[in-house]
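Have a look at the structure below, then the notes.
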Amino acid sequence: MSLRFQRLLLIFLSLIFLTASIFLILFNSKKNLIFFYTPSELLNSKTQINDTIRIGGIVKKDSLKNIEDNKYVFIIHDNNNYVRVSYTGILPDLFREEQGVVVQGKLIKIDNIKAERVFAKHDENYMPTSIKKQLEKNKYWNKSYQ
Amino acid sequence: MISLVGFANLLFSFLIGLIIFFSYFFNNKNQISRTYYNLVFFKFFFIIVSFLTLIYAYVVSDFSNQNVFENSHSDKPILYKITGTWGNHEGSMLLWLLIMSGYTLFFIFNKNLKDNIKKLTITFQTSLFLLFAVFVILTSNPFLINSINFEEGMGLNPILQDPALAVHPPILYIGYVGFSLILSLALAGLTFKQIDYEWMNTAKKFTLFCWSMLTGGIALGSYWAYYELGWGGWWFWDPVENVSLMPWIAGLALVHSLMITKKEKLLIRWIVFLSILCFSLSIFGTFLVRSGILTSVHSFATDSARGIFILIIFLVSTGFSFILFIFKTDDSEEKLKLLFINKSTALVFNNIVMIIACLTILLGTIYPIVIEVITNKRISVGAPYFNSTALPILLPGFLLMSIAPALSWQNNKLPKYKSYIFVFIALSLLSFIIVYLNTFNVWGFIGISLGLIIIFSSLLSVYFNYKKFGLRNFISQNNALLAHIGVGILILGITTSSVYKSEFSETFMINEKKQINNYSYTLLKLETNQDSNFQELVAVFSLYKDNKKIAEIKPSKRYYNVSKMITTEAGIYHSWFQDFYVIIGNEKDKIWSVKIYQNPLVSLIWIGVIIMVMSGFLGIRKV
């Protein structure tokens, strides 16, 4: 093989590789985005049943129920609207009623989500920025959460 | 009082930094005088005294210091009083400054470089130090004094009170911050157009050192996440993890590029570019984490003023570096000897792969920010994006890795290529059978065969080297292969532990026995312990295989009195082939909810990382 031919081959292979990577990035970033909503936003969004989403808000007082071993239901609200959540597994240590929480899971009904993961506040000083901003907007932000 | 001493020392160090910086313009640029040595030494001395006073304030629980008040408590064990010093934003930035000065001091004793390059490198490094020192003094001063007297502090976040996390920040920072020296070295070399053999050698030693430390630091953090977060995994593609991975990949590309130029003095501009990229990514990562722009489980207490400040540092240093990079063109016209499959080609291709992988991670990490700014929608990019994008991109690189060190610099021939092809085919078949006999999974097959191929072709190359050269320079001959074996082991561990992980949600009563996946678990008893700053509830499980007891597993929950926080400690039994990972949850009517993971071959991950780090350190000695 001549040197020139070898180089051409290399450049050609690199180009194929680059195109493949760009294609992968575009394809995957479209497929694997998870949108984040508060309960009120969820109502106005175009989310379809079975989409994976994240919901953030406050756990409603007296809404947490342990219906079976390891199976929980609770309600997340943002003072205007609410979403029901069902979850199987161990709730995080910091999960409490009337506290901020983010759940990630599949929407099974318009106001019902089957959570795969529950994120509670990491410690008493920490609240995910994303919820904080939203709650501030909905005037449900209490300085004591900070 | 002690805080004032600490702050005064910080200021002294800053002033000496200013003197070092300006002396460059008024002094002989080609010679390093005795006084200059002393200045560099005293800059380090004052900053270390400053840092020690902060540690002292933590140890004696001096709550007149605001930083100590906010992050410590007199009940804490002494170890966590000390490590609490860098467990918060302000203290960790002081550590950052200390490490920066430490590198300067270490560097000035380098004997191989000419004085003019050394002096300019130190000047660049000092200007970076000054930027960060201003940042610490103005926005993140750890020596602020409380206006009111407090009897007791607020305590350190309990999940940070852990041995792995105690040493994680310093090791990680030695890696991150070390890239600043490589940046300075690259800029100095660029200015004088003196990127020669000595330069390469020095750069290679420092890069290897920083990269090995960064690897160790990331692995420690990951190990901590494995047993402390209780999610059964060790990597979550969290933004904070991603920003540490980007300079790591860039540093890895740099290490490999420095290998090419060791043999043929080429690709210099590319190396300078990578050197700039490494530290730029480090600062950019710091910006993302500390500004609070990203939502992450690891977030620091955030403040927008800090974010803007770090952004300015990032723009100034990166901007300056790239402008210098563009205007100082190199005149060398040597051509790179790129053949179809020789070593140079393999290394160039490796660099392309790594940079693209780095880019995909960067995109995934900042995409949520961009979307939020443009459309005001909040999204998160989940682990599936990274897994299905970064991994396929890295695949050809991994495949190449198995033979690259055995390739020739000069021609297209791979010596004894038939044996490599044999290894490739035999191991692919073998792993296909292994995977087929378990549950078939494409990723499992790809990962296991890749891991095995990398390990065995590297071993094959070691064997050929041994036959050819004997034991002469055995380590330096085979060091690269050793690192690659480490990567192979790591890939095996990652694949098996993620693809073949099994997860069970169960409930247990006392003395109840349950059969799970060929093993049975019994909840023997519950114990309570009282430690100095927490109460602990320990569940004692017995693990049986075929009615024979093989281990006790003790997951627990801790209640920290000071912060009124509960943490979960996973109970893990590491056997040779799998980890048994148990977490206890809540109790209801004496029934405990329990989560059990069986993670096969996780230990290979840590073994692989240890081999890589070891090989990195061995590489520093090799000339």
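Roughly how crowded by other chains is peptide A:84-91, in terms of the mean Cβ count from those chains within 10 Å of each of its Cβ atoms?
If you average over the peptide's residues, the count of other-chain Cβ atoms is 3.
Quick check on the exposure proxy: order B:Asp546, A:Asp78, B:Asp115, B:Asp162 from fewest to most C-beta atoms within 10 angstrom.
Fewest to most other Cβ atoms nearby, the residues stand as B:Asp546, B:Asp115, B:Asp162, A:Asp78.
Please arrange B:Ser3, B:Ser476 by how many other C-beta atoms lie within 10 Å of their C-beta, fewest to most.
Exposure proxy ranking, most exposed first: B:Ser476, B:Ser3.
HN-Hα J couplings of segment B:474-490 from phi, Karplus 6.51/-1.76/1.60, θ = phi - 60°, integer Hz, Gly and Pro as x?
4, 5, 5, 5, 10, 4, 4, 5, 4, 4, 5, 4, x, 5, x, 4, 4
Tell me, what ³J(HN,Hα) does each residue in segment B:201-213 have, in order and in whole Hz, if you take phi through Karplus 6.51 cos²θ - 1.76 cosθ + 1.60 with θ = phi - 60° and put x for Gly and Pro?
Once θ is set to phi - 60°, the couplings for segment B:201-213 become 5, 4, 4, 5, 4, 5, 4, 4, 4, 4, 5, 5, 5 Hz.
Enter the Cα centre distance for the pair segment B:431-491 and segment B:86-103, rounded to the nearest angstrom.
If you average the Cα positions of each part, the centres end up 39 Å apart.
In segment B:139-200, what chymotrypsin sites (Phe, Trp or Tyr not before Pro) fall in a loop by DSSP, with at most 14 other Cβ atoms inside 10 Å?
Within segment B:139-200, the qualifying chymotrypsin sites (Phe, Trp or Tyr not before Pro) (loop, at most 14 other Cβ atoms within 10 Å) are B:Phe150.
Calculate one ³J(HN,Hα) per residue across segment A:35-43 by plugging θ = phi - 60° into the Karplus curve 6.51 cos²θ - 1.76 cosθ + 1.60, and present them in order as whole Hz with x for glycine and proline.
Working through the residues one at a time gives 7, 10, 10, 8, x, 5, 5, 4, 4 Hz.
Peptide A:92-104: average number of partner chain Cβ atoms within 10 Å per residue?
2
Taking loop as defined by DSSP and a crowding limit of 14 other beta carbons within 10 Å, which GluC sites (Glu not before Pro) in segment B:471-578 fit?
Here the GluC sites (Glu not before Pro) that fit, given the DSSP loop and packing criteria, are B:Glu512.
Give the average, rounded to an integer, of partner chain Cβ atoms located within 10 angstrom of each Cβ in B:589-595.
3
For a quick check: sort A:Thr88, B:Thr568 by the number of other beta carbons within 10 angstrom, fewest at the front.
A:Thr88, B:Thr568
List the residues whose amide H sits under 5 Å from the amide H of B:Lys377, counting only those 5 or more places along or on another chain, with H placed 1.01 Å from N in the peptide plane.
Placed amide hydrogens put nothing under 5 Å from B:Lys377.
What longest range of chain B stays clear of loop-exposed trypsin sites (Lys or Arg not before Pro) (DSSP non-H/G/I/E/B, at most 16 other C-beta within 10 angstrom)?
B:473-563
With only Lys, Arg, Asp and Glu charged, each at its Cβ (+1 for the first two, -1 for the last two), find how big the charge dipole of the protein assembly as shown is about the Cα centre; round to the nearest 20 debye.
Value, rounded to 20: 2540 debye.
In terms of modelled amide H atoms, which long-range or inter-chain residues lie less than 5 Å from the amide H of B:Met565?
B:Tyr560
Can you list the residues, at least 5 places off or on another chain, whose amide H is less than 5 Å from the amide H of A:Ile113, using H built in the peptide plane?
Answer set, sorted by chain and number: A:Arg84, A:Val85, A:Ser86, A:Ile108.
Could you tell me which residue out of B:Asn88, B:Ile355, A:Val118 lies farthest along the dipole of the protein assembly as shown toward its positive end? Charges go on the beta carbon: Lys and Arg +1, Asp and Glu -1, centred on the Cα centre.
Comparing the listed Cα positions along the dipole, B:Ile355 ranks first.
Rounding to the nearest 20 debye, state how big the charge dipole of segment B:502-603 is about its Cα centre with +1 on each Lys and Arg Cβ and -1 on each Asp and Glu Cβ.
For segment B:502-603, the charge dipole is close to 140 debye.
Evaluate the charge dipole of segment B:1-161 about its Cα centre and quote only its size in Debye, nearest 20, assuming +1 on the Cβ of each Lys and Arg and -1 on the Cβ of each Asp and Glu.
In debye, rounded to 20, segment B:1-161 gives about 1040.
Values quoted throughout were computed directly from the atomic coordinates according to the rules given, and no laboratory measurement underlies them. Keep in mind that this is a model prediction, so the values were computed, not measured. Every residue, glycine as well, gets a Cβ built from its backbone with ideal geometry; the counts of neighbours run over all protein chains shown.
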